Amino acid sequence: VEVKIEVVIPEKERSKEEMSPNGKASPLIYKVNGTARHYHLEEHPIASNPYHNPKDVVEASVCHVKDLENGQMREVDLGCGKALLIKESGEFHAVGHKCPHYGAPLVKGVLSKGRVRCPWHGACFNIGTGDIEDFPGLDSLPRFQVKIEKEKVYIRASKQALQTQRRTKMMAKCISLSNYNLSSTNVLIIGAGAAGLVCAETLRQEGFSDRIVMCTMDRHLPYDRPKLKKWIFLQSMDSHPEQIALRPKEFFRTYDIEVLTEMQIAAVDIKNKIAVFKDGFKMEYNKLLIATGNTPKALSCKGKEVENVFNIRTPEDANRVVKLATSKNVVIVGASFLGMEVAAYLAERAHSVSLVELEEVPFKKFFGERVGRAVMKMFESNRVKFYMQTEVSELREQEGKLKEVVLKSGKVLRADVCVVGVGAVPATGFLKQSGINIDSKGFIVVNKMMQTNIPGVFAAGDAVTFPLALRNNKKVNVPHWQMAHMHGRIAALNMLAHGMEISTVPYLWTAMFGKSIRYAGHGEGFDDVVIQGDLDELKFVAFYTK
């Protein structure tokens with residue numbers, strides 16, 4: 001790879017450019033397969049010093065140098081916005097004070113080894129650069145200039161950055177798309193969830209300037225899927241797709257990331273590097289990322305085709321469930337994360353919420369019996385009725401719409417709406433004859449660099465098993481939102497031959513009735529649970545050991 005930098009500055013702009021190393025970058029030439037490609041780098045907002053517009057700059061004294069000890073953080077007010085002031089190894093740093101993911105106050109997070117970790121969902125940021133280094137979330141923190149004068153600490157910051165509290169990393173733009181054949185692309189990404197989007201963004205951040213095409217069966221641009229089922233977002237289950245979009249339409253246009261919606265892949269021809277769509281359209285690719293996620297399992301009982309039975313998979317599903325469930329009888333099948341989160345959300349809205357589960361305790365395999373029972377007790381105190389160690393035998397209808405749910409125990413539950421959360425299977429059926437290595441459960445097998453057994457073909461997200469470093473490289477499936485982000489980033493870096501291996505710690509969160517449960521690591525196969533704290537009050541830490 002040859003990289004050349006051309007700097008062409010009009011005379012009247014030259015002095016301004018020389019003062020602004022973080023302004024718009026000059027056009028670069030990037031050789032792809034021997035062909036020179038031009039692209040530009042952009043970054044918004046510019047949070048470093050010097051600034052283009054002096055009126056956009058604020059400078060303030062925020063504390064005395066002795067006010068902070070090493071390893072301490074403080075939220076400071078600059079008059080028109082706040083910043084996070086950090087002291088580590090004798091040096092001061094200043095970055096945005098809110099996590100760009102959901103706005104958590106980072107001062108309540110953890111500072112360690114040059115990084116601050118979000119207290120809510122574990123996103124991690126470099127205190128020197130503001131760059132995001134662990135997920136979830138897409139944006140980095142703005143970084144502000146710190147100076148010391150006469151034992152006082154001053155912060156100089158952009159007003160815009162103080163208000164937005166986020167920074168989109170530098171990204172390349174594609175060369176003119178008019179030069180391309182519509183039926184060929186350099187990178188094809190199947191799936192438009194977190195893994196697919198982070199892969200596309202990482203490629204652009206790393207200077208990749210060729211064509212990127214994402215395709216999805218969904219009707220919408222990539223959106224924040226956890227918001228569909230986490231009740232803490234009071235508007236999320238009654239929202240429009242644009243409100244929970246991960247990026248606005250303009251973002252995809254600006255950085256030339258093409259998204260083909262309502263497009264399903266039927267087969268992949270790895271020999272000729274061609275993806276075949278269900279409608280017969282074919283697209284050639286050079287590099288391929290498969291990030292198709294999973295498909296919810298359906299009920300196999302009698303009457304499964306009746307109306308008002310849902311898997312919450314799309315914003316439309318969520319909106320319909322909320323509308324139909326309000327002041328009605330709801331039955332939820334499956335005490336999965338989805339089932340339990342939806343039950344918690346609807347408990348205050350529905351007339352009744354009943355939950356049917358095959359196990360004796362919710363989350364038993366994941367959290368253990370003691371934690372599971374404590375969570376179950378909380379639900380029961382919030383009017384959720386459990387029917388455990390039984391299954392649905394029949395869904396009865398009246399005039400085509402759901403009326404009753406019949407259990408194998410013989411119990412008949414009144415039901416206007418049924419939400420099914422009995423697990424999912426990897427959406428990899430279209431790969432069966434492809435030659436790509438798939439295990440007995442349908443998961444795509446990848447190595448630490450998210451590569452499949454086929455050169456140039458990568459896979460990421462809920463549909464893969466990968467070697468987990470903290471479990472001695474045991475092949476695991478970790479269907480967490482955070483992990484999908486990291487998979488996408490690692491895949492993109494290795495498409496560009498960086499040789500980057502995944503080593504992140506799995507992390508998930510859930511929230512129910514105002515209680516947040518956070519889980520770090522991978523406890524599959526534990527044989528003991530060590531509890532510290534008060535389980536009855538749900539103020540505890542549980543260690544899963546083997």
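The values are calculated or read from the model by the stated rules, or taken from the named source; none is laboratory data. Quick caveat: nothing in here was measured; it's all calculated off a predicted structure. Using ideal geometry, Cβ is built from the backbone for each residue, glycine included, and neighbour counts are taken over all protein chains shown. All accessible areas refer to the heavy atoms of the entire protein, side chains included, with ligands and DNA or RNA removed. Shrake-Rupley method; radii C 1.70, N 1.55, O 1.52, S 1.80 Å.
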For this session: Tell me, please, whether a residue that is of a type in the set (Ser, Thr, Tyr), open to solvent by less than 60 Å² (accessible area, probe 1.4 Å) and either touching a residue at least 12 places away in the same chain (Cβ under 8 Å) or not assigned by the TED database to the domain that holds Gln532 (or both) can be found in segment 325-336.
Result: yes
For this session: Would you please list the contacts, defined by Cβ atoms under 7 Å and residues six or more apart or on different chains, that run from a residue in segment 393-409 that is in contact (Cβ under 8 Å) with a residue 24 or more places away in the chain to a residue that is outside any loop (DSSP other than H, G, I, E, B) and among the hydroxyl-bearing types (Ser, Thr, Tyr)?
Result: Leu407/Tyr387; Leu407/Ser393
Exercise. Of all the residues that make up segment 323-348, how many are in a helix (DSSP H, G or I), closer than 30 Å to Tyr544 by Cα and touching a helix residue (DSSP H, G or I) at 6+ places or on another chain (Cβ under 8 Å)?
Worked result: 5
For this session: Please name all residue pairs, on different chains or six or more residues apart, with Cβ atoms under 9 Å, provided the first residue is in segment 138-154 and is more than 20 Å from Val57 (Cβ to Cβ) and in contact (Cβ under 8 Å) with a residue 60 or more places away in the chain and the second residue is β-branched (Val, Ile, Thr) and part of a strand (DSSP E or B).
Result: Leu138/Ile132; Leu138/Thr168
For this session: Go through segment 268-277 and count every residue that is out of contact with any Lys or Arg (no Cβ under 8 Å at 6 or more places or on another chain) and either at pLDDT below 95 or open to solvent by less than 40 Å² (accessible area, probe 1.4 Å) (or both).
Result: 2
Exercise. What number goes with the only condition from (1) under 28 Å from the mean Cα position of the chain (by Cα); (2) at pLDDT below 95 that Val306 does not pass?
Worked result: (1)
Exercise. How many residues, within segment 386-432, are of a type in the set (Asp, Glu) and within 20 Å of Thr326 (Cα to Cα)?
Worked result: 3
Exercise. Is at least one residue of segment 480-503 within 29 Å of Phe379 (Cα to Cα) and open to solvent by 50 Å² or more (accessible area, probe 1.4 Å)?
Worked result: no
Exercise. Which one of Tyr544, Tyr507 is touching a residue at least 12 places away in the same chain (Cβ under 8 Å), farther than 30 Å from Ile436 by Cβ and open to solvent by 20 Å² or more (accessible area, probe 1.4 Å)?
Worked result: Tyr544
For this session: Can you confirm whether segment 526-536 contains a residue that is open to solvent by 40 Å² or more (accessible area, probe 1.4 Å), under 15 Å from Val371 (Cβ atoms), touching a residue at least 24 places away in the same chain (Cβ under 8 Å) and not aromatic (Phe, Trp, Tyr)?
Result: yes
Exercise. Which numbered condition trips up Thr185, out of (1) over 30 Å from Asp77 (Cα atoms); (2) at pLDDT 95 or above?
Worked result: (2)
Problem set entry | Residue, nearest to Ser516 (Cα to Cα), within segment 349-375, restricted to residues that are open to solvent by less than 10 Å² (accessible area, probe 1.4 Å) and assigned to a helix (DSSP H, G or I) | Val375
For this session: Check segment 513-531 and report whether any residue there is farther than 30 Å from Ala275 by Cβ, assigned to a loop (DSSP other than H, G, I, E, B) and of a type in the set (A, V, I, L, M).
Result: no
Seminar exercise, completed: For segment 512-523, pairs from a residue that is not assigned by the TED database to the domain that holds Phe379 to a residue that is surrounded by 18 or more Cβ atoms within 10 Å (Cβ to Cβ) and in a strand (DSSP E or B), with Cβ under 6 Å and 6 or more apart or across chains, are Ile517/Thr510; Arg518/Trp509; Tyr519/Leu508; Ala520/Tyr507; His522/Leu468; Gly523/Tyr544
Problem set entry | Evaluation of Phe386 against (1) assigned by the TED database to the domain that holds Asp269; (2) open to solvent by 10 Å² or more (accessible area, probe 1.4 Å); (3) not in a helix (DSSP H, G or I) (one fails), failing number | (1)
For this session: Could you please tell me which pairs satisfy a Cβ distance under 6 Å, a separation of 6+ or placement on different chains, a first residue in segment 244-256 that is in the same structural domain as Ser209 (by the TED database) and within 18 Å of Thr185 (Cβ to Cβ), and a second residue that is at pLDDT 95 or above and in a helix (DSSP H, G or I)?
Result: Tyr255/Arg204
Exercise. Any chance segment 440-450 includes a residue that's at positive phi and assigned to a helix (DSSP H, G or I)?
Worked result: no
Seminar exercise, completed: Among strands (runs of 3 or more DSSP E) completely within segment 107-191, the ones holding 2 or more residues that are within 24 Å of the chain's Cα centre (by Cα) and among the β-branched types (Val, Ile, Thr) are 184-190
For this session: Test Ser300 against the stated conditions and say whether it is under 32 Å from the mean Cα position of the chain (by Cα), within 30 Å of Val529 (Cα to Cα), open to solvent by 10 Å² or more (accessible area, probe 1.4 Å) and among the polar types (S, T, N, Q).
Result: no
Problem set entry | Those residues of segment 81-111 which are over 16 Å from Gln145 (Cα atoms) and either surrounded by 16 or more Cβ atoms within 10 Å (Cβ to Cβ) or in contact with a strand residue (DSSP E or B) (Cβ under 8 Å, 6 or more places away or on another chain) (or both), in sequence order | Lys98, Cys99, Pro100, His101, Tyr102, Ala104, Pro105, Leu106, Val107, Gly109, Val110, Leu111
Exercise. Of (1) farther than 15 Å from Asp218 by Cα; (2) open to solvent by less than 50 Å² (accessible area, probe 1.4 Å); (3) in contact with a Phe, Trp or Tyr (Cβ under 9 Å, 6 or more places away or on another chain), Arg320 satisfies all except one. Which?
Worked result: (2)
